Structure formats: structure tokens, C-alpha cells
Amino acid sequence: MLQPILFALLLLAAFGLFAWQVQKIRANILVGRDRDASGHAAERFTKTLLVAFGQQKMFKRLTPAFLHLIVYVGFIVINVEVIEIIIDGLFGTHRFLRFLGPVYSALMATNEVLAALVLIAVAAFWWRRNHNPPLRRFTGPELRMWPKLDANIILYIEVALMLALFFMNSADIRLHQMEGKELPGAFPVSHFLANLLPATSVATLEVMERAAWWVHITGILLFLNYLPSSKHFHIILAFPNVWYSRLVPQGQFSNVESITHEVKAMMDPSYAVPAPATNPDGSAVAPTPFGAKDVEDLPWTALMNSYSCTECGRCTSVCPANLTGKLLSPRKIIMDTRDRVEEKYNSPLIFHPNVYGEEAKHEPVTDLMSATLLRGKVTPEELWACTTCNACVESCPVNINPLESIIEMRRFLVLEESAAPNSLNVMFSNIENNGAPWAFSPSDRLNWADELYAAEKATV
Amino acid sequence: MTPTSSPAAPTKRQLTVPTVADLAAQGKVPEILFWVGCAGAFDDRYKRVTRAFARILEHVGTDYAVLGLEESCTGDPAKRAGNEFLFQMQAMQNITTMNGYGIKKIVTACPHCFNTIKNEYPALGGEYEVIHHSTYLQQLINEGKVAVSGGESFKGRRITFHDSCYLGRANNIYEAPRDVLAALDADLVEMKRSKANGLCCGAGGAQMWKESEPGTKEINIERTEEALATLSGQAAALDNLRGVETERSTPSEHSLQGAIIAVSCPFCMTMMSDGVKNKEQEANVQVFDLAELIASAEGINR
């Protein structure tokens, strides 16, 4: 009787803590500016099915796509066993789903094969991340300290969980063998492993099986509560992130409506600019800055982006600026956004934001609260290196859009601080004065058509 | 539009490019506006592309016109650089001009103008059917209006197409330029980083007007090296190309003599041409826009 009560308490505590953490993340995301991402349900559904569930964009690179698919399918299928564990734990049953008969056997066998494959995939992941020299996309100033450790911790936890599963099944098989009974279900891997277990007493095996069972489920619940502090949170947010991602062509940048009103009023004095929004007490809401200086100036989707990022670095590995040695790394901008929103608002249980030094050409940060996203974490040099080529956006398996944040911060630099590089200021004034980004006379615009000849074609 | 005889060369005739204002004076609206763009109007190299495309438009008898002196920068470089205010000023000025003339359809040889007018002008009151010249050329070839014969032959010449970001990833146009090139009966070779994986030439996002940030290499050099290796059949040397995982290619030996890098964007044109000069290959490898290749193959680009 004690075990189910303990288990119920553990479950309650784990899900309660997780819900509390998710609530903090939700609040962090909603710090961002309003952005209407509603409607187009059919289109969003198809995209979510293909990109999130179907992992469509992962398959641009076959090796990691295949390895990731194993872990992804393994995660989903093994969760069915977690349901059984929860039922068993709450009601004191043992292998409750056994009544499914052959279906149960198939399920358990699939689990075991997948778990074995997951171990292989995780080993491959670890090698890809840690061998010397590592893959280029697993390097960079943003991937040191906590992010680097986090990536390995996830792999170690996955190994521990799979080993606990095997140990639990093996002990159970051995126990049933000693009692002269047949364990329901099929266990292709554990059946072999069971023979390696020492032929000790039934009591010892019972303790071993129970211990493995508790380690397995406690491990899963701990992992659940580790997620909000980790890049591994992508297993949850990838789905809403893809659902809410932009449906317009990638080349279409957002329109700043407040500027539209101003420009219309300039061109047509009779244009009525909408009255500014008011607070409940009737006072005018403080105007929001043009562009983004800090996280609350970004649309909420950009903040959700930062929680959906698993720091894989595909964006950075295809960035033309990064490839040619510039400071810009799209992944860093996404990771900085998450660090900053957690620094300023709600932080997770484990929080160790990246502090950059010489390597990322950062001034030493003395005051964390005033170290805004722009300048505090992302330097103008990074932002000005972007060619807006959309390679990062195209490459992201979960439709994160680093380019949008880059443009928002450029807008702040130009419109609020007049801090564009001088050559761009020259380009701006050329457009203002000559209607062209170069210093040419507008009256020469049709010169190309002078003396224009075409060869006479007999066939015309 | 009326052909006039030229005394210098009887096989040539002079073309008069109609302006929208001239047509409006006659109470006419062109079926299609040829948006020339700043590079097309001022950049000496890209003016040749503008002229080639005008020859094609005239050759197939398109009812077209240009805005001429009434055209102004779309505002693309300002917007990409973060100057939303200047962008919207430019956009509204152009929209007022075009709406005033009743323009419905626009063709342009610049992917940046194309993207801006097509995707960003509607929110400001400018709704037009906008097509890039690669799509327009593809249509002309498919309809048989351009035979791609009677001029220079590109048969067997090695050509690689460099995707423009603002045509490709920005607007998902990958096949139209390739279809146009296919009509040349040339030896088309693909770079490893092509289509959605294409590498930027380095000029987008207002980079065209500024020095690049400190780094180890210029982007256009990285891209030109890839193009040259692809054209010379040495792309195997690029098997570990950063940023893309590809299958190993079989090395083959090709002379760069007469090879062509095809582009469809004025900024790519500048960047790739500079890259070829930097690699001292300008005597062998030429950079051409699609419109130039088609006009030459059609025998009207003189």
C-alpha cells in the first residue's frame, strides 16, 4: 500500500513542478510584442505535420536525420510503456497492459529494439559532438560552458534511462524464470541480458527489478523537470513553434505600421493618424520603440523561437557571414535571446547564461540588468554582417527565424540610435536625394535607353 | 517602338523605349511595366542586361513601357538595413506613381525589386502582378515566342547557375532560371550549394554599400571558388564543403575556357564578376545574366 502512495506523491510533485516551470516559460514568451499568428489552420496543420511531426527539414542531412529519427520514434513509442508504468505505480498492478496479448508482445519487442537503437544513436551523437576536432557546428563562442555541458547531460540521461529499462526487464525475466513462470511480452534484448544476471535469490531479484523500475520512472520525471532548463525543451516547443511560424514568403519582411501612419500623414495632411492606445486610467500608453533593443521589443514568436532551439547550429553552419569568419552566428542570437529573457524575467531551475569575453568581442558586462539584448549580448558588428540571405531560416528544422530578430535590432540601431555604419548612411542619403542608393543624377536614369539598337531578324 | 533604319549598320535598327508617361499622353496604359531598378539604370555592367532585356521585349512585341525618370529606388536596401522610414517613403512614392498610371503588371530583372514590390508593397497599398524576368523568359520560351536560335550558339558550353537569395529562398523560384538556361542546349552543371542550399554572393541585406565586417574571407570569393571548381570539374575538392553535406562527386577535368557563370541579379553579377577577376579568370570565365544569354542566342543582342 505504501508504494502506490509514494508513487502518487512523486507523480504529483513532478508534474506540479513541471507545470510551474512551464508557466514561467509561458510568461517569458508573452513578454514579447503582440503578433497575430492566428488563422490559416489548414495550412498550419499541414506544415506542422510535415516539418514538426514528419521532420521534413531534418532530411536535408541524412546521417543526423536518421540518428535523430531513431531517438524521436523511440521517445514516442517508449512513452506508451511510461503510461503502463504510471498505471502500475498508482494501482499496484504489474505490467497492466499484458491483457493486450500479442499486441503487448509486439509493443514490448518494439520498445526493446528501439531502446537498443537509441543507445547506438546516442553514442553516435556523443561522438559527433565530442571527438576531436568536433563538427564545426558544435563549436563557437555560444557553445561553451552550460550549453556544451547541457548537450552531453541529455545524452547521458538518455543512456541511463535506456539502461534502466533493460535492467528492469532483464531482472523481471530472470525473476519469472526462477519462479518457473513465463513473463508476458517479448523482450529480444533483455531476454539475452537476463542470462547475464547472477542466479541469486528470488528476493534479491525482486529488489533489483523494483530498484530498476523506480530508477527508470524517477529518471523520466527528473528529466521532465530538467527540460525547462535545457535546450532539450525543443521536444515540446518544436510543435507550437512550427505551427505559429510565418506563412508568407521568406523574403517578405514585416511592415512597421506606426511608421506607415507617419509616412501617410506626411504625404497627405488630411490623413487621420489613429489615436494612440490608452491605459485603463485614460493616460496614453508609452510609445514602443522602433525595432528591438531588448527581448520585450521582439514579437512573442521570436521569444518562442528561442525556447524551441536545440542549438544544433544548422543555421550558423550555412550562414555566409559565419562561413567566412565574421562574428555573426544566427544560433548565438537565438541563444542570447533566451538567456536574456530568463535573466530579466523568470529563470529556470538551472540557469547559467553565457557571458562572452574577448572571443566574441564583448565589453565586460558589469550590470546584468542593464545589459540589454542589443549590445549587452548581441553586438552591432554581428548584426551588420548579415546579408539577409535567409539561409539560416531555410535550414532550421523547427522553423526558427533568426533573420527577423536581426532586422528588428538593425531597426533600433538605425531609427532610434542613428547608429548605422557610415557607408550605409551615405546610401540612405543617396536614396533620399537621388532616388538611388548610388550618387547618380536622377536625370540620367533613362540613359541606358540611348542609342539602343537591335539586330534585324529575318524571321520576325 | 517603331523601327527606324540606322545608316551605320543596315542590319541594325534603333529601338525607342516607351515611357509610361508618353503612353499616358496618348491615353494608353502598357500591359506590362518594365521596372528597370537602380542597378539596371546606373550600373554600367547591368545596363547591358537592361538593354538585352529591352531588346527581347521589343523583339516579341510586348506592350511594355518603363517609368523612366519617374522610377525611384524601391527602398529595398533601406529596409534591409533597418531604415523602415526611408523604405516606406520610397515605397509610397512609387506606389502613388504606379497607381496613378493604373499599372497592373510589372516585370523586373532585379530580384530585390521583385521581392519588395511583390511582397512588401501590398501592405502599403500597391497590389500588382509582379514577375521576375527569369519567369518571364521561361514563359516566352515555352510559348515559342523566343526560339533561342539564330544567334550565338552556347551548345556544349559549361554553364553554372548561381541562385539569387531573393529569387530562390525568398520566393521559391528555382526552376524558371534553370528552364531558361536549358533552352541554350549548354552543358549545365550545378554547384553543390544550389537552390535552397545556395550560398549568398555576399551583397544582400545592404552589404552592397558597405565594407564587410572583419573576417577570414570575402563571401563572393568563397562563392566564386565554388563556381570555378564546379565549372572545371574539380568540385571533388569541395567534398568537405562547409555548410552542406553532399555525395562525393566524380572528378573530371574541364577547361575553364568559355565557361559561364549565369546570374539573375545585378548584385550577384557584381559580386561574381569581382570574384572571377580576383581569381584572375576573367579571360576564361564570363558572368552573364539570363537575359543576355537569351538575347545573344536569339541573335538580337547587338
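Observations
- Alpha-carbon geometry of segment B:4-138: the Rg and the Dmax are 15.4, 51 Å, given in that order.
- Label sites at A:Asp34 and A:Ala106, each approximated as a point 7 angstrom past Cα along Cα to Cβ, lie 5.1 nm apart.
- Measuring nothing but protein heavy atoms, the accessible surface of segment B:19-110 at 1.4 Å probe radius is 49 percent carbon and sulfur.
- For the protein assembly as shown, the residue among B:Thr216, A:Ala385, A:Ala109 whose Cα projects farthest onto the positive side of the dipole built from Cβ charges is A:Ala109.
- Take the Kirkwood radius over Cα pairs of segment A:403-450, plug it into Stokes-Einstein at 37 °C and 0.692 mPa s, and you get 266 µm²/s for translational diffusion.
- Remark on B:Leu188: its backbone amide H falls under 5 Å from those of B:Ile159, a criterion applied only to residues 5 or more positions apart or on other chains, H modelled at 1.01 Å from N.
- Note on chain B: with a GNM built from Cα contacts shorter than 10 Å, the maximum mean-square fluctuation among B:Ser153, B:Ser212, B:Ser232 falls on B:Ser212.
- Two-site FRET efficiency, A:Asp268 against A:Glu416, from Cβ-Cβ distance with R₀ of 25 Å, rounded to 0.05: 0.45
- Per residue, the accessible area of chain B comes to 36 Å² when a 1.4 Å probe rolls over the protein heavy atoms.
- Diagonalising the gyration tensor over the Cα atoms of chain B and scaling each eigenvalue by 5 before taking the square root yields semi-axes of 32, 25, 16 Å, largest first.
- Modelled FRET efficiency - R0 30 Å, A:Ala284 with A:Trp243, Cβ distances, 0.05 increments: 0.30
- Beta bridges per DSSP, both residues in the protein assembly as shown: antiparallel share near 20 percent.
- Note on segment B:148-298: percent of Cα-Cα distances in each 5 Å bin, starting at 0 and stopping at the bin with the largest distance, equals 2, 9, 19, 23, 22, 15, 7, 2, 0, 0.
- Whole-number D in µm² s⁻¹ for the protein assembly as shown, Kirkwood Cα-pair radius fed into Stokes-Einstein, 4 °C, 1.567 mPa s: 44 µm²/s
- With bins 10 Å wide beginning at 0, the percent of Cα pairs of segment A:137-215 falling in each bin runs 18, 38, 17, 14, 10, 2.
- Point-to-point label distance, A:Leu222-B:Ser153, nm (Cα→Cβ direction, 7 Å offset): 7.6 nm
- Heavy-atom accessible area buried between chains B and A is around 6900 Å² (1.4 Å probe, both sides summed).
- Between B:Val60 and B:Asn99, the C-beta separation translates, for a Förster distance of 35 Å, into a calculated FRET efficiency of about 0.80.
- Sum of side-chain charges, A:Leu237 neighbourhood, beta-carbon under 14 Å (Lys, Arg +1; Asp, Glu -1): +3
- When the GluC sites (Glu not before Pro) in segment A:366-448 are filtered for DSSP coil states and for at most 15 other beta-carbon atoms within 10 Å of their beta-carbon, the remaining sites are A:Glu417.
- Spin-label proximity, A:Leu349 to segment A:230-253 - amide N less than 13 Å from point 7 Å beyond Cα toward beta carbon: A:230
- When every Cα-Cα distance of segment A:71-166 is counted in 10 angstrom steps from zero, the calculated P(r) takes the values 14, 36, 26, 15, 8, 0 percent.
- Pair A:Val73, B:Arg45: separation of 7 Å Cα→Cβ label points (nm): 5.0 nm
- Its alpha carbons give segment B:89-229 an Rg and a Dmax of 17.7, 50 Å.
- In this structure, the pairs whose alpha-carbon distance is over 32 Å, taken from A:Lys60/B:Lys104; A:Lys24/A:Lys57; B:Lys47/B:Lys155; A:Lys24/A:Lys326; A:Lys332/B:Lys217; A:Lys231/A:Lys293, are A:Lys60/B:Lys104; A:Lys24/A:Lys326.
- 222 nm mean residue ellipticity, helices alone, for chain A (DSSP H n ≥ 4; -39,500 (n - 2.57); rounded to 500): -17500 deg cm²/dmol
- With the convex hull drawn around the C-alpha atoms of segment A:40-118, the volume per residue stands at 122 Å³.
The values are calculated or read from the model by the stated rules, or taken from the named source; none is laboratory data. The structure presented is a predicted model; accordingly, all values stated were derived computationally and were not measured. Neighbour counts run over all protein chains shown; Cβ positions are idealised from the backbone, glycine included. Ligands, DNA and RNA are excluded from the accessible area calculation, which covers all protein heavy atoms including side chains. Shrake-Rupley method; radii C 1.70, N 1.55, O 1.52, S 1.80 Å.
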